[in-house]
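Before any comments, here is the structure.
Derivation of every value follows stated rules applied to the coordinates shown; laboratory data play no part. All values reported here derive from a predicted model rather than from experimental measurement. FYI the Cβ positions are ideal-geometry reconstructions off the backbone, even for glycines, and counts take in every protein chain you see.
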Amino acid sequence: MQVKDIMSTSVKTVTPDTPLIEVVSLMCLYRYSGLPVVDNDKLVGIISEKDILHDMLPNVDELMGSMAAIDFDALLNDYSKVIKLKVADLMTAGVVSVTPDMHILKAASVMAGKRFRRIPVADGGALAGMLSLGDVHKAIFHKNISSNLSAT
């Protein structure tokens, strides 16, 4: 079974010039954890909640020091500065993707190795869809359930 057989093709995308306020609105309203970034129909990156929140969070060294010295309320207020940026300012470029003709278990292995729950599917650099671990699991479940039912 190939990725193209189970991937989602109705994918919401953003561009590098999209204001982050639009992205965070989509994330909060529709519970997207990340969105592919395209430019002239080419996949150029991913913008995730982790990318957006990363600069607001203290790093490990700061946490290992005196936690009392960290003004978490001030960090929380930094969000208003973050959402004034554009996607290009915070996105992860050089994104890892899989191809539509890849076997679903190979794609799932790539995802597991990178600790991704979802991954873009690109065909010649163009975004073709998205694949989630849930898509893979559902396909394996259906294949095995239908095989078991027809064997009885």
With 0.36 nm assigned to each residue of separation and the Cα-Cα distance removed, Asp89 to Asp61 gains 7.7 nm
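Between Asp73 and Leu133, what FRET efficiency comes out of the Förster formula 1/(1 + (r/R0)^6) with R0 = 22 Å and r the beta carbon distance, rounded to 0.05?
The computed FRET efficiency comes out at 0.05.
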For the range 27-124, which trypsin sites (Lys or Arg not before Pro) pass both filters: DSSP loop (anything but H, G, I, E, B) and at most 13 other C-beta atoms within 10 Å? Arg31, Lys84, Arg115, Arg117
0 to 90° range, to nearest 10: angle between helix 20-30 axis and the chain longest Cα axis: 50
Within the range 3-151, pairs of Lys residues whose Cα atoms are less than 15 angstrom apart, provided they are eight or more positions apart or on distinct chains, add up to 5
In degrees between 0 and 90, to the nearest 10, how far off the longest principal axis of the chain does helix 104-114 point, with axes built from Cα atoms? 20
Whole-angstrom gap from the range 1-17 to the range 85-121, using each part's C-alpha centre: 11
Computed helical MRE - 222 nm, the chain, DSSP H runs ≥ 4 contributing -39500 (n - 2.57), nearest 500: -12000 deg cm²/dmol
Checked against the positive end of the charge dipole of the chain (+1 on Cβ of Lys and Arg, -1 on Cβ of Asp and Glu, about the Cα centre), the farthest of Ser97, Leu63, Ile145 is Ile145
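How would the chain be classified by its alpha-carbon gyration tensor: rounded, prolate or oblate, with rounded meaning a/c under 1.5 and the a/b versus b/c comparison settling the rest?
prolate
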Relative to the chain, whose Cα atoms define the longest principal axis, helix 133-151 and its Cα axis are tilted in degrees, nearest 10, by 20
How many nm separate the modelled label positions at Lys81 and Ser25, each set 7 Å beyond the Cα in the direction of the Cβ? 2.4
Size of the dipole of the range 3-151 about the Cα centre, Lys and Arg at +1 and Asp and Glu at -1 on the beta carbon, nothing else charged, in debye to 20? 720
